[in-house]
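Worksheet for the structure shown next.
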Amino acid sequence: MLFADIIGQDTLKGKLIQTVRENRISHARLFLGPESAGSLPLAIAYAQYINCTNRSDTDSCGTCPSCNKYSKLIHPDLHFVFPVVKGKSGKAAISDMFIAEWRETLLNNPYLTYTQWLDTMDAENKHKQGGIFVDESKEILRKLSFKTYEADYKVMIIWMAERMNLQTANKLLKILEEPPEKTLFLLIAESSDQLLATILSRTQLTRVPKIDKTSLSDYLEKNLSCSKQQAINAAELSNGNLALAKANLQTAEEENRYFNLFATMMRTCWKVWGNKQAMLDLIEWSNELATISREKQKVFLIYSLRMVRENMVLNRQQPQLAFLTDEESKFSDNFNPFIHPGNVAQLSENINKAHYHIEANGNAKIIFLDMACKIVVLLRH
């Protein structure tokens, strides 16, 4: 993985390269950033740059033996830890049991999401959740007890580090306190709240921002055979998340479906006050939304946040700052008076909470109905 392969993030790439050129390589670095923004490919590109034998001022060479092995994720001094699911017997699994699937999936999609990885392990339909279990810490210790084979640094990349259970985290903490010589830990997380404070204090924090809209739309237009306007629309809807941007590009029919779901929700929420039939319609709406995939549910919620934002902009008489399609614009002409400073923060918080609970594998019917009932009150505020 080259830095050149990563979408946007030019400032961050420059800072990482600078740490290597100034010999300021921290033994433990935490890449903290939102889903599908590039934390994982950045960590791999950083490790590859460190171990490249012919690196330039801007990137790895891409051709030396080390780079060739990194490009296939088979370098003997590159190790991965990631969430896995337990077997049918309940016995804990370790990352090496899924390493072939991991390499294939990651090479095809470096901007992998947690949900996509669970799907690869066929975990979603079994209602399983992945984790990094205590047996993994024993493997980490075993691997790091060996000397490097051919690189300057042994690299241990721990993806979704917040999925470590408490025992695993405590054992990792001991390794971070007394790391083996020439060993580099690269932790990747989307949320710092679930990481031990002591782990946070022992890692060099690197904040990964969302992918900027220009870089994301340029990438979509160049690589996904879409028009410039479609790429801009998808980037705007995705909030800097490549996985969501790709989902937004699937079909115009799907994009129209998100609008219809949003418009139906808001119109029905407004009618619910004292209207039993509208309440039944709202229940039917939540049941319909619960039938689509979790990724698409998340796309819808991100879309809803955007529509709330755009209507707030219209409400404050700043139409030049609003980004709406013709159909959205017609709807918003009548809808924007209901989005105002008195309720916009609570509406956004309500939708964000629904997104969080969907991501945590909550019951979609309950989550969407609860969100809609709160919107009923907020629209009347």
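The values are calculated or read from the model by the stated rules, or taken from the named source; none is laboratory data. Treat the numbers as computed from the prediction; the structure is a model and nothing was measured. Positions of Cβ are generated from backbone atoms using ideal geometry, with glycine treated the same way; all protein chains shown enter the neighbour counts.
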For region 245-274, pairs from a residue that is more than 11 Å from residue 300 (Cβ to Cβ) and part of a loop (DSSP other than H, G, I, E, B) to a residue that is modelled with pLDDT under 90 and not charged (D, E, K, R), with Cβ under 7 Å and 6 or more apart or across chains, are 249/224; 249/226; 249/230; 249/234
If I filter region 150-181 down to residues being in contact with a Ser or Thr (Cβ under 6 Å, 6 or more places away or on another chain) and of a type in the set (Lys, Arg), which single residue comes out as surrounded by the most Cβ atoms within 10 Å (Cβ to Cβ)? 154
Pairs please, first residue from region 314-337 and of a type in the set (A, V, I, L, M), second anywhere and assigned to a loop (DSSP other than H, G, I, E, B) and modelled with pLDDT under 90, Cβ atoms under 9 Å, 6+ apart in sequence or on different chains. 314/322; 314/324
Looking at region 37-57 only, could you name the residues that are more than 17 Å from residue 102 (Cβ to Cβ) and small (Gly, Ala, Ser)? 37, 38, 45, 56
Those residues of region 143-175 that are outside any helix (DSSP H, G or I) and among the β-branched types (Val, Ile, Thr) come to a total of 4
When you look at residue 224, is it at pLDDT 90 or above and surrounded by fewer than 17 Cβ atoms within 10 Å (Cβ to Cβ), yes or no? no
One residue is enough: does region 32-44 have a residue meeting the conditions more than 19 Å from the chain's Cα centre (by Cα) and of a type outside the set (Lys, Arg)? no
Can you find even one residue in region 73-83 that is assigned to a helix (DSSP H, G or I) and buried (at least 23 other Cβ atoms within 10 Å of the Cβ)? no
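Kindly indicate whether any position in region 187-203 is acidic (Asp, Glu) and surrounded by fewer than 15 Cβ atoms within 10 Å (Cβ to Cβ).
Of the residues in region 187-203, the ones acidic (Asp, Glu) are 190, 193.
Those still in the list that are surrounded by fewer than 15 Cβ atoms within 10 Å (Cβ to Cβ) too: 193.
Within region 187-203, one or more residues are acidic (Asp, Glu) and surrounded by fewer than 15 Cβ atoms within 10 Å (Cβ to Cβ).
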Condition first: within 25 Å of the chain's Cα centre (by Cα) and among the hydroxyl-bearing types (Ser, Thr, Tyr). Now tell me which residues in region 262-302 satisfy that. 286, 291, 293
Output yes when any residue across region 12-24 is closer than 19 Å to residue 156 by Cα, part of a helix (DSSP H, G or I) and among the hydroxyl-bearing types (Ser, Thr, Tyr), and no when none is. yes
Restricting region 176-225 to residues that are among the hydroxyl-bearing types (Ser, Thr, Tyr) and within 26 Å of residue 152 (Cβ to Cβ), the residue that is nearest to the chain's Cα centre (by Cα): 206
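Is it the case, given these coordinates, that residue 310 is of a type outside the set (A, V, I, L, M, F, W, C) and crowded, with 20+ Cβ neighbours inside 10 Å? Explain how you work it out, then say what you get.
On the way: of a type outside the set (A, V, I, L, M, F, W, C): yes; crowded, with 20+ Cβ neighbours inside 10 Å: yes.
Against the criterion (of a type outside the set (A, V, I, L, M, F, W, C) and crowded, with 20+ Cβ neighbours inside 10 Å), residue 310 qualifies.
Got a number for residues in region 176-191 being part of a loop (DSSP other than H, G, I, E, B) and touching a residue at least 12 places away in the same chain (Cβ under 8 Å)?
Our first condition is that a residue be part of a loop (DSSP other than H, G, I, E, B); within region 176-191, this holds for 178-182, 190-191.
Keeping just the survivors that are touching a residue at least 12 places away in the same chain (Cβ under 8 Å) gives 179-180, 182, 190-191.
Residues in region 176-191 being part of a loop (DSSP other than H, G, I, E, B) and touching a residue at least 12 places away in the same chain (Cβ under 8 Å): 5 in total.
Go through 238, 192 for me and flag whichever is in contact with a strand residue (DSSP E or B) (Cβ under 9 Å, 6 or more places away or on another chain) and small (Gly, Ala, Ser).
Working: 238 fails: in contact with a strand residue (DSSP E or B) (Cβ under 9 Å, 6 or more places away or on another chain).
Going through 238, 192 in turn, the sole match is 192.
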Within region 103-138, can you find the residues that are among the hydrophobic types (A, V, I, L, M, F, W, C), part of a loop (DSSP other than H, G, I, E, B), within 22 Å of residue 356 (Cα to Cα) and at pLDDT 85 or above? 112
Selected residue (criterion: nearest to residue 14 (Cα to Cα)) from residues of region 192-208 that are outside any loop (DSSP other than H, G, I, E, B) and among the hydrophobic types (A, V, I, L, M, F, W, C): 205
